[in-house]
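The values are calculated or read from the model by the stated rules, or taken from the named source; none is laboratory data. Being a predicted model, the structure only gives us computed values, none of them experimental. Don't worry about glycine lacking a Cβ; one is built from the backbone with ideal geometry, like all the others, and counts go over all protein chains shown. Heads up: the accessible areas ignore ligands, DNA and RNA and are worked out on the full protein's heavy atoms, side chains in. Shrake-Rupley method; radii C 1.70, N 1.55, O 1.52, S 1.80 Å.
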Amino acid sequence: RWRLSCLNLSLGPIRPGDFGFVFARPESGKTTFLADQITYFAEQAVRPIVWFNNEEQGEKVRLRTYQASLGLTSDQVWRHKDENLAKYRNLTKGLIKIYDDASIHKNEVEAIIEEIGPELVVFDQIDKIKGFDADRPDLVYGRIYQWARELAKRGLAIIGICQSDGSGEGVRWLTMSNVAEAKTSKQAEADWILGIGRSNETGTDEIRYFNISKNKLLGDDRTDPNLRHGRFEVYMRPQIARYEDLE
């Protein structure tokens, strides 16, 4: 289950075999979102969570996971480093494995999955996975997403992160048409799609707008059928790498 109540109401829990992705414009809080939710998933997980990072520096990503798990600023984390890292390891049970490589190849991904047997795999960013060829860029990305779908069928959940194209700049409620480098190939493979929009209006710097533009998940007894394709305003607290529900 998600740390955010709005996602539990809309999407419900992530299960083995589920594949979905989150997209947004650059510097809109995608990695912060991952850190927030993945550290909460780790508290519930039994097997490892593998995070393939080919976007930001690995050490920055690790720091964000410390912040998100503990709800602390970076200064607070380092002020009592040993104590806080022990708390982090206790909360996440050592299950979060971050692989930092700017040129991750699909063969390497498959070998790591085979070796570790994770419960959840995260790609930040999925479009940068190497080892796919086609005549057009959109077809290349389509093959990446088809591959991710096949991986999910092995009994693990997969979450990808990708970009919104320029049409999403300053747009609050991103739809599937705003996904970068895609006609329908990316969208067709996913069970769920979450767009994180932001406004350029003054005073909205830390407000984000979640739009569930696709949702084929099963949900559970806590999900609300009326919110399957819900829109939610949330508050991003980058200082502690967390999001908060806005009532």
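Has the stretch 39-49 got any residue that is among the charged types (D, E, K, R) and closer than 27 Å to GLU181 by Cβ?
Of the residues in the stretch 39-49, the ones among the charged types (D, E, K, R) are 43, 47.
Right, trim to closer than 27 Å to GLU181 by Cβ and you get none.
Checked against the condition, which is being among the charged types (D, E, K, R) and closer than 27 Å to GLU181 by Cβ, the stretch 39-49 yields no hits at all.
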- Restricting attention to the stretch 68-87, does a residue exist that is under 23 Å from ILE14 (Cα atoms), charged (D, E, K, R) and over 19 Å from the mean Cα position of the chain (by Cα)? no
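Out of curiosity, is GLU110 out of contact with any Lys or Arg (no Cβ under 9 Å at 6 or more places or on another chain) and either on the phi < 0 side of the Ramachandran plot or open to solvent by 40 Å² or more (accessible area, probe 1.4 Å) (or both)?
Numbers: out of contact with any Lys or Arg (no Cβ under 9 Å at 6 or more places or on another chain): yes; either on the phi < 0 side of the Ramachandran plot or open to solvent by 40 Å² or more (accessible area, probe 1.4 Å) (or both): yes.
For GLU110, the condition - out of contact with any Lys or Arg (no Cβ under 9 Å at 6 or more places or on another chain) and either on the phi < 0 side of the Ramachandran plot or open to solvent by 40 Å² or more (accessible area, probe 1.4 Å) (or both) - is met.
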- Count, please, the residues in the stretch 180-200 that happen to be in contact with a Gly (Cβ under 8 Å, 6 or more places away or on another chain), of a type in the set (D, E, K, R) and assigned to a loop (DSSP other than H, G, I, E, B). 2
- Tell me, yes or no, whether the stretch 167-179 has at least one residue that is open to solvent by less than 50 Å² (accessible area, probe 1.4 Å), in a loop (DSSP other than H, G, I, E, B), within 21 Å of ILE129 (Cα to Cα) and in contact with a helix residue (DSSP H, G or I) (Cβ under 8 Å, 6 or more places away or on another chain). no
- Enumerate the pairs (first residue in the stretch 223-241 and assigned to a helix (DSSP H, G or I); second residue anywhere and surrounded by 19 or more Cβ atoms within 10 Å (Cβ to Cβ) and modelled with pLDDT of 95 or more) with beta-carbon separation below 6 Å, excluding pairs fewer than 6 apart on the same chain, so at least 6 apart or on different chains. LEU227/LEU9; LEU227/SER10
- Query: Can you tell me how many residues in the stretch 180-202 are closer than 20 Å to THR32 by Cβ and either open to solvent by 30 Å² or more (accessible area, probe 1.4 Å) or hydrophobic (A, V, I, L, M, F, W, C) (or both)?
  - Reply: 7
- Note on the structure: Exception for ALA180 within (1) in contact with a strand residue (DSSP E or B) (Cβ under 6 Å, 6 or more places away or on another chain); (2) at pLDDT 95 or above falls at (2)
- Is there any pair with a first residue in the stretch 171-184 that is free of Cβ contacts under 8 Å to residues at least 24 places away in the same chain and a second that is open to solvent by 30 Å² or more (accessible area, probe 1.4 Å) whose Cβ atoms are under 8 Å apart and which are 6 or more apart or on different chains, and what are they? SER177/SER167
- Task: Give, as residue ranges, the helices (runs of 4 or more DSSP H) completely inside the stretch 55-118 that count at least 1 residues that are under 15 Å from PHE41 (Cα atoms).
- Result: 58-70, 81-92
- Query: Any idea how many residues of the stretch 119-141 are in a strand (DSSP E or B) and open to solvent by less than 30 Å² (accessible area, probe 1.4 Å)?
  - Reply: 5
- Query: What single numbered condition from (1) open to solvent by less than 10 Å² (accessible area, probe 1.4 Å); (2) part of a helix (DSSP H, G or I); (3) closer than 30 Å to ARG237 by Cβ fails to hold for ILE144?
  - Reply: (3)
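Select from the stretch 7-57 the residues that are among the β-branched types (Val, Ile, Thr), over 14 Å from the mean Cα position of the chain (by Cα) and surrounded by 23 or more Cβ atoms within 10 Å (Cβ to Cβ) and list them in ascending order. Talk me through it step by step, then tell me what you get.
Residues of the stretch 7-57 that are among the β-branched types (Val, Ile, Thr), as a first pass: 14, 22, 31-32, 38-39, 46, 49-50.
Filter once more, keeping what is over 14 Å from the mean Cα position of the chain (by Cα): 46.
Matches in the stretch 7-57: none.
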